[in-house]
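Where a number appears in this text, it was derived from the coordinates with a stated rule and is not lab data. Because the structure is predicted, anything quoted here is derived from the model rather than measured. Cβ atoms come from the backbone with ideal geometry, glycine included; neighbour counts cover every protein chain shown.
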Amino acid sequence: MNVPILYEDNHLLFVEKPVNVPVQEDQSKDQDLLNFLKEDIKVRYQKPGNVYLALVHRLDRPAGGVMVFSKTSKAASRLSDAIRRQAVEKKYLAIVRGVPDKKQDLLEDYLVKDKQENKVHTTHANNKNAKKAKLEYEVIGSKDNMSLLSIKLHTGRPHQIRVQFSSRNLPLYGDQKYGEKVNQAGEQIALWSETLAVEHPVKKEEIKIQSQPPNKFPWNLW
């Protein structure tokens, strides 16, 4: 597995997650990012015992881009708290099928997860199991009935970007789970974690890390 390291110090590890790699071990038993990075740190620093590396946020398996891991328990606690307070800036790039009515907008929905089918659905606000989901988007460009969007997340719900856009008939390119009527098997979902900005848990200065999607279709339409 090729995992570019974007920034590393004694407390934080920013990497570019490869597409189609689970962030932690799942039922597939495929090699996951967390265990791969632990082993990589162990080899690079010749650590004799177990390596501490904490997962503080997630990316869907099909998506790629910037992720941050904590190398100390103090950093993990402070980063997790910042994420809970929505004090972490997360920006994504996504390509949707279709053209949004508005050049930019704020989308708010209530989402509920069906654990049996592992799918998330929009629902009404008074559903006791629902969680509020909020994001902003801006259309960077449209071509061939597809649109490239810059997305800023305000909440980090499972499958949030995919569900909020598919519920508006704007499914992400390549998303077979939420856009099975327009996407085909074998197409890679066009969702990329572009920017992650956090306050360093010890130095208290902003660390802002960016990553660009691969230069291939459909990303290279723009």
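Filter the cross-link list Lys102/Lys134; Lys143/Lys216; Lys71/Lys134; Lys47/Lys71 down to pairs whose alpha-carbon distance in this structure exceeds 18 Å. Intermediate values should be presented prior to the final figure.
Numbers: Lys102/Lys134 16 Å; Lys143/Lys216 15 Å; Lys71/Lys134 30 Å; Lys47/Lys71 13 Å.
Flagged as over cut-off: Lys71/Lys134.
Over the chain, with a Gaussian network built from C-alpha contacts below 10 Å, which listed residue (Leu191, Leu172, Leu53) shows the highest mean-square fluctuation?
Leu53
How tilted is helix 73-84 with respect to the longest principal axis of the chain? Cα atoms for both, answer in degrees (0 to 90, nearest 10).
20 degrees
Got a sec to turn the phi values of the range 116-128 into Karplus ³J(HN,Hα) couplings, 6.51 cos²θ - 1.76 cosθ + 1.60 with θ = phi - 60°, whole Hz, x for Gly and Pro?
The phi angles translate into 5, 9, 6, 10, 10, 10, 6, 8, 8, 4, 8, 6, 5 Hz.
Report, by chain and number, residues whose modeled amide H sits under 5 Å from the one on Thr155, excluding near sequence neighbours (fewer than 5 apart, same chain).
The list, which skips near neighbours in sequence, is Lys134.
Scan around Val56 for amide H atoms under 5 Å from its own, H built in the peptide plane at 1.01 Å from N, and keep only partners 5 or more places away or cross-chain.
Those lying under 5 Å, H to H, from Val56 are Ser70.
Quote the relative contact order of the range 20-162 in percent (integer), defining contacts as alpha-carbon pairs under 8 Å separated by 6+ residues.
Value for the range 20-162: 18 percent.
Return the single residue from Asn35, Asn20, Asn50 with maximal mean-square fluctuation; model: Gaussian network over the chain, springs between Cα atoms under 10 Å.
Largest GNM mean-square fluctuation: Asn50.
Past 32 Å, Cα to Cα, is the threshold; run Lys128/Lys203; Lys74/Lys103; Lys103/Lys203; Lys91/Lys119 against it and keep the listed order. Show your work: numbers first, answer last.
Details: Lys128/Lys203 40 Å; Lys74/Lys103 41 Å; Lys103/Lys203 38 Å; Lys91/Lys119 23 Å.
Table pairs above 32 Å Cα-Cα are Lys128/Lys203; Lys74/Lys103; Lys103/Lys203.
As I understand it, the dipole of the range 1-139 uses +1 on the Cβ of Lys and Arg and -1 on the Cβ of Asp and Glu, about the Cα centre. Which of Ala125, Ile5, Val99 lies farthest toward its positive end?
Going by the charge dipole, the pick is Ala125.
Starting from 0.36 nm per residue, how many nanometres of slack lie between Asn50 and Asp9 once their C-alpha separation is accounted for? Walk me through the numbers before you get to the answer.
Working: separation 41, 0.36 × 41 = 14.76 nm, distance 1.83 nm.
Full-extension gain reported as 12.9 nm.
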